[in-house]
Amino acid sequence: MSAVVIVGAQWGDEGKGKIVDIYTEFAEVVVRYAGGPNAGHTLVVGDEKLIVRLLPSGILRRETLCVLGQGMVVDPQVLVGEIDELRRRGHENVEERLLLSERAHLILPYHIELDSLRESSAPQDRAIGTTKKGIGPAYEDKVRRTGIRAGELRDLDRLAQRVAAALEAWAPTMKALGGRVPEVSEIIEPLRPLAARLVPLLGNASVVTEEAIRSGKRVMLEGAQGTLLDVDHGTYPFVTSSSAVAGGAAIGAGIGPNRISTVLGITKAYTTRVGSGPFPTELDDEDGKHLQKVGDEFGSVTRRPRRTGWLDLPALRYAARVNGIDGLALTKLDVLTGLEKVKVCVAYDTPQGRVTDLPIDQLDDERVRPVYEELEGWTENLEGARVLEQLPPAARNYVRFLEEGAGVPVYLVSVGPSRAATIVLHNPFVGRAAAP
Ligand code: IMP
């Protein structure tokens, strides 16, 4: 039985797209288990580059079944747009390979409107800096039990009644924020053509995923965002609204936790964050600018510049614990090339003394300060390295330092944007090293 979870170990944008793409070659089924169009995965297969927000990463591979799990929130318009874009590029069998969980929740226009209204009216210190894609309000509807599930697209008359109830519940908030409460028909009419496209894709994602695992197929459970943005385990309240951590994979895919054989965490060689909230190792100097420029650190969905900073080992150990990470994929090591010294946070000074665990609920306290260890940098170009021994000694030392500090082995090191620029040490799908 082999279901491998791929999870971001930081604040998202760890470079999951490339890693997932390398491993999808070995997966027959890819299930996205959380989040919505707030994510942006850049996929590169051959000469083709595509940014997907909802579709699982296996979608560019002709043989892979792609599942949008019930833990997701799905904007019908975005999903149909992505399918059409793939068709336009000549991918013919996209819909045949796509399954939309009938239990996934829908993002409807009022969710997007509410997300924007709330963000723009919040005082600066309280705005979350969301992607304004309607994620929070859609998950709020789910928990409040006024959400609309994808399976309801089968009966738009009944769905209209449920939308009316949701709008009634949201009306006071919308009005208080200066918004206009839409008519039900304004929601339903544009939904008709989208429903016609999506209803044929509906199915029971839990049954399909469980059967795939039981029949010995290799299944990848693909996360979105990252551990520190998880609604339970992240830097609350500056988080997204879903269970991004590995445990969320069982819920979001509809399988038991014992079906998961491996958890692969993805971490950059440094740290980035988009949106508001604490980020203790953040840099606002030349080194920070280097990371942003060389790492091209701009959001793939919103193009917002990402905040940049040093690697945080207590945060990585925290991620290893709350996800049960078996191995790490280390991305963007090449971005550090050219820095004379590279710092790594190894502990925190707090009012209670020095701690090596991440003081996650004290990170906004300015008395809580990262403690750094300084390592030698390197100037050599890493892109050609295919085995660790081909890295310069200082870069190899950095990988070893990270591995020891995180307490989990490194399975893969990415040394450049291209697929080939990768050192694969272990492949959780086949249990041995595989050439990229
Ligand atoms: P939301 O998910 O749009 O509600 O945004 C909540 C927080 O999560 C904000 O700080 C966003 O910037 C952040 N966020 C959401 N999706 C991503 C992502 O894919 N990468 C990085 N940050 C994200």
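The values are calculated or read from the model by the stated rules, or taken from the named source; none is laboratory data. What you see is a predicted model, and the numbers here were worked out from it, not measured in a lab. Cβ coordinates were reconstructed from backbone atoms using ideal geometry, including for glycine residues, and neighbour counts include every protein chain displayed. Please note that ligands, DNA and RNA were not included when accessible areas were found on the heavy atoms of the full protein model with its side chains. Shrake-Rupley method; radii C 1.70, N 1.55, O 1.52, S 1.80 Å.
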Before I look further, what does the chain give for accessible area per residue, probe 1.4 Å, in whole square angstrom?
41 Å²
Leaving out ligands, DNA and RNA, what percent of the accessible area of the chain is carbon and sulfur, probe 1.4 Å?
48 percent
Cα Rg over Rh - the range 341-401, Kirkwood
1.16
Check the straight Cα-Cα distances from LYS217 and name the lysines below 24 Å, setting aside those fewer than 8 residues away within the same chain.
LYS16, LYS18
If R₀ is 56 angstrom, what is the calculated FRET efficiency for the pair ASP155 and ASP296, using the beta carbon separation as r and rounding to 0.05?
0.80
Report ARG118's accessible area, 1.4 Å probe, all protein chains in place, as a number in Å² to the nearest 10.
80 Å²
Ratio of the range 208-333's C-alpha Rg to 2.2 N^0.38 Å, to two decimals?
1.17
Top to bottom by accessible area (1.4 Å), largest first, where do ASP13, ASP115 land?
ASP13, ASP115
At R0 = 51 Å, FRET efficiency that the Cβ-Cβ distance of ASN397 and GLU95 yields, to 0.05:
0.55
Considering all projection directions equally, how large on average is the shadow of the alpha-carbon convex hull of the range 259-380, in square nanometres?
9.0 nm²
Given the Cα-Cα distance of GLN352 and SER120 and 0.36 nm per residue of separation, how much length would full extension add, in nm?
79.8 nm
With just the Cα atoms defining each centre, how far is the range 138-194 from the range 301-334? Give it in Å.
36 Å
Rough spin-label spacing in nm, given labels placed 7 Å along Cα→Cβ, for ARG88 and LYS49
1.8 nm
Let's test the formula: R0 of 35 Å, r as the Cβ-Cβ distance of ALA165 and ARG197. What FRET efficiency results, to the nearest 0.05?
0.90
Going through the cross-link list LYS268/LYS293; LYS133/LYS293; LYS132/LYS289, which pairs have a Cα-Cα distance over 21 Å in this structure?
LYS133/LYS293; LYS132/LYS289
Give, in nm to one decimal, the length gained when the segment between LEU388 and SER215 is fully stretched (0.36 nm per residue of separation minus the Cα-Cα distance).
58.7 nm
Once Rh is set to the Kirkwood radius over Cα pairs, what Stokes-Einstein translational diffusion coefficient, in µm²/s, holds for the chain at a temperature of 10 °C and a viscosity of 1.306 mPa s?
71 µm²/s
Could you identify which residue out of GLY254, GLY136, GLY353 has the top mean-square fluctuation in a GNM of the chain using Cα springs shorter than 10 Å?
GLY353
